[in-house]
Amino acid sequence: MNNWTENLAEYFKDICPLIECFLIIGLEEKDFQNHFEFGEKLEVKVLSQFPPKNACRINIPDTLPTFCFPNGVDLVKNREVPASTYSNILTDEHGELLYCTVLKVFEPYLSNNLNPTDFAQNIKELPAIDLMMSTSESIEKTDPALDSPRTPSRFSFYCPDGLLVPKGLVILSKQPLFQTYQNILLNLYKLSKKTLSLPIECYISHLVLQVPLPSRGHVIIHYYLNHEKFAISLPQCNKLPVLDLNLGILFNSLDLENVLTLFRNIIIEKSTVFVSENEEKLISCTYSMLSLLFPLHWNMVYVPILPCNLLDYLYSPVTFIFGVHSKYIDDVFTRVNDSVCIVDLDNNRFLVSNTPAYHRKNSVNFILPKLPEHYGKKLRKKLEGILTKSGIIRGKSMKLARPSLDSASTIAIRNNFFQFFVSILLDYKKHMIFEPKVGCTDTFNSAAFLHSCSDKDFMSCFIETQMFSNFCESRIRPKNVEEHCEGLLFDEEIIAKVNRFSLNFTKTTVTFIYDKSQDHNTTYTVPALETFFESSDLYSYKKFPDFNYDVINQYEIPNIKPPKYAESIDKKSSATPNWKTNAECLLTSWMDLWGLLISSQHSSEHNTRIHELVMIAKRLQRSTTIPTISLYKYLLERCFITQPSLALPIFSFMSTAKIPTDAETLQLLQKIVSKLYASDQNIVMHNTGTNLLITKIENEQMVEAKLKRVFTKPDDTQVFAKQEVSFLIKETCKKCAHVLKADGISQKWSKAEYNYESACINCDEKILPKLVIRIGLEIGYYKENPTSTREETLFISPQALRQLISDLILSQKDLELEQFRCGYQMIFWNAIYYFYINNLPFDYLLMYDNEEQSSDIFLTTEELKGGWSYDITSKSSQTELNSKDIQRAEKKYTKFENVIGNMTFI
């Protein structure tokens, strides 16, 4: 036992699993004895779990067994009872939602006169029922074969000579993939009824340890269980949130008129109780109804299946949505007040608690405003068309004939509800108060908004709700990047709608909703069970066993860990922009080298580095019309790895410069802010109404220190004045003897990739120009022991430099300053030269010196005359040091009392 329980905690530190915990919940033998002998109430408890408590990533609430068996424990005798699957939702100690999916099966209470084999012979498979048909939006399916996934059979149980007692197989997760979990549990239970070559503990541990949580978009996880293939994914962040439930159950339980009435009630936050005798119908209808509220979120009390011992919650004065088993309908009536809406899902009707005539349908209509007339009718018409195609019951009401919808119809229904909100809030942003005056806490100008509305009765109720208030608050101060993505999705859908009906030829650009960078273009197949476990024995079970660590300890913990898709930066390779002009090549080269070397910069210089980056980014935006988003993504990725706080000013600049963003960029922001928040709670996120978030960190600024940097290599110890450097660029044509300097060489660069040749401007003779560098000062008394050093490399064009830096980034994820200085001499010196003559900072390329004192860096070069035309202002320079320079050098290096002698330059 120690092998697994001691090592699992460490194992979970390096994975991000889809399923947090697998549990078995039921009754122990002593519970029956106390029940039959002393009349004690039967209460279920956790019988076993994987992983164990010491390794589990979450704290499991003590109330979990109650929510898994919300209607208590039923002992069944002399009748057939089916298995059932349903889900419930809990909140952990940190306020995060935990999604709990249960497969409730029945097993015999074995008395002395009952043979265990009697029970096994009376388990009967039932055909898959309609409630199990899935329309999960985890994947937007395009293959018709995937549109109706094969569903595992249900089971029924019968024990003629004894009691059947319930047991729950439970999956706990932070993602609401209800239908997926239900099918996994059904397949797992089905496996336990077969003869297996491996114990059931191996299947459970494989499920928890090897199935990773997918990221938003990008990847589809393929997992195989009992010869069933599960395709698990989450929608892109520019799509509607995941809904892994059958929306058809809602439209089969209630007709369209009642669905829209219920929708209206919930929009204006009328407390609602859903009543049904079927637990799965309760979770499906309540959760489906709330999913239709997007982009709003129900932030009040919500319990899909309210446990029977918590029925007093119905007294609550706050707004709520509860699901309650229909056998407790009388308890509901005695507890709720007159304003609560009660929906009978089994009989397609509304119930009223304060009158015997509670069967009267839609009795609440007269006191509540109707949906906006125009957009309400438009929504109804669209839904009627979708439901008609899916098959309806003919009659006065429009209701689905079967409780199932294909994925295309589900997406269409959800999108129509979403477009309803787009329509009624088309001008909401004009009335947002993004920058309130001092002392004002309002986020929305309600009076101005209502003045422009035609449906004032409904809209006046709607904008007073807590949901709308939270909606406005999330637009100004989103709690996380997911909220910001939702706001961006909604805002761009509004822009797209305006564009469709605008008579102007100029349309507002939208990029986020059409971004394809996060499409599901990758698959990950979970390694097969046999990859990790080998067995020479056979296993069969009379009942589904509790998880036994003595059994699993016969095997080693899997040596392969699944990828952490949900916590990694999902980077999709994209084509590098074709930078053409000298300005584009040099400025983008500067920014790429900044990203490559930022991890080597001293933390005390980070503010300086950021100021320089913003300055260069501004120059680039003025110098190019080519989209620069890929460049910023690279910088953000580097900041995420090195120092996440450095990314925030970059996002701020992108917002100010109105650089179009995409889903991948926003995912980067989510990762960066999450990483930051884990180490620093002083983070304020504020939206100024632009297309990208501005994030600020409220803390003390780090004290800046100017550290000494040098041009020399580590072994250049003899060099005097390591911060002095001079360049020489001069070639003589071998054919016509014409002397070529930098300006002439630059006019004839070869256009071929990796060809660094130029040509004579007189005769077109090919030349391979060189860049000669002298580092340090030559002191007259030290000629026998030179006090300077010389290096030589090829002189290349800005375009060639741009190409080499791109190649370097592809080959090097990280680069130390010394490695860059000594190992990539041609890139280093050409970058220094070009950055210097074009007034671009270059200190960040240089190595730090061991000496403590700070000193200015000084460069000289051959004067560039004759029209070397850059799109950047060139910097004047010189060939040799004049008397003023010598005096300055003498002053700087007072320890040398000698007079500087003749200085020559090759």
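The values are calculated or read from the model by the stated rules, or taken from the named source; none is laboratory data. Since this is a predicted model, take the numbers as computed values, not measurements. Cβ: placed from backbone, ideal geometry, glycine included. Neighbour counts: every protein chain shown. All accessible areas refer to the heavy atoms of the entire protein, side chains included, with ligands and DNA or RNA removed. Shrake-Rupley method; radii C 1.70, N 1.55, O 1.52, S 1.80 Å.
Accessible area of Glu473 (1.4 Å probe, protein heavy atoms only, ligands and nucleic acids ignored): about 60 Å². Computed with a 1.4 Å probe over protein heavy atoms only, the accessible surface of the range 709-865 comes to 46 Å² per residue. For the residue pairs Lys45/Lys281; Lys239/Lys429; Lys270/Lys381; Lys193/Lys327, the C-alpha atoms sit more than 27 angstrom apart in Lys193/Lys327. Rolling a 1.4 Å probe over the protein heavy atoms of the range 709-865, with every protein chain left in place, gives an accessible area that is 45 percent carbon and sulfur. Under 27 Å between alpha carbons, and skipping anything fewer than 8 positions from Lys708 in its own chain: which lysines qualify? Here the lysines satisfying the reach criterion relative to Lys708 are Lys722, Lys783, Lys813, Lys875, Lys884, Lys891, Lys892, Lys895. Provide the FRET efficiency to the nearest 0.05 for the His738-Asn839 pair, computing r from the beta carbons and using R0 = 35 Å. Here the calculated transfer efficiency is 0.70. Just to verify a number: FRET efficiency for Lys193 and Glu534, C-beta to C-beta distance, R0 = 25 Å, to 0.05? For Lys193 and Glu534, the calculated efficiency is 0.60. Between the range 200-252 and the range 774-844, how far is it from one alpha carbon centroid to the other, in angstrom? Between the Cα centres of the range 200-252 and the range 774-844 lies a distance of 52 Å. Taking all protein chains as they are arranged and a probe of 1.4 Å, the heavy atoms of Asp161 leave approximately 110 Å² accessible to solvent.
One decimal place: the segment Asn578-Met826 gains 87.1 nm when fully extended, by the rule 0.36 nm per residue minus the C-alpha distance.
Mean sequence separation of contacting Cα pairs (under 8 Å, at least six apart), scaled by the length of the range 603-677, corresponds to a relative contact order of 36 percent. Centre-to-centre separation between the Cα atoms of the range 533-566 and those of the range 393-451: 47 Å. Distance between the C-alpha centres of the range 608-631 and the range 41-58: 54 Å, rounded to the whole angstrom. Ignoring ligands, DNA and RNA, please state the percent of accessible area on the range 603-677 from carbon and sulfur, probe 1.4 Å. Answer for the range 603-677: carbon and sulfur cover 58 percent of the accessible area. Rounded to the nearest 20 debye, the dipole magnitude of the range 709-865 is 720 debye, with +1 charges on Lys and Arg beta carbons, -1 on Asp and Glu beta carbons, and the Cα centre as origin.
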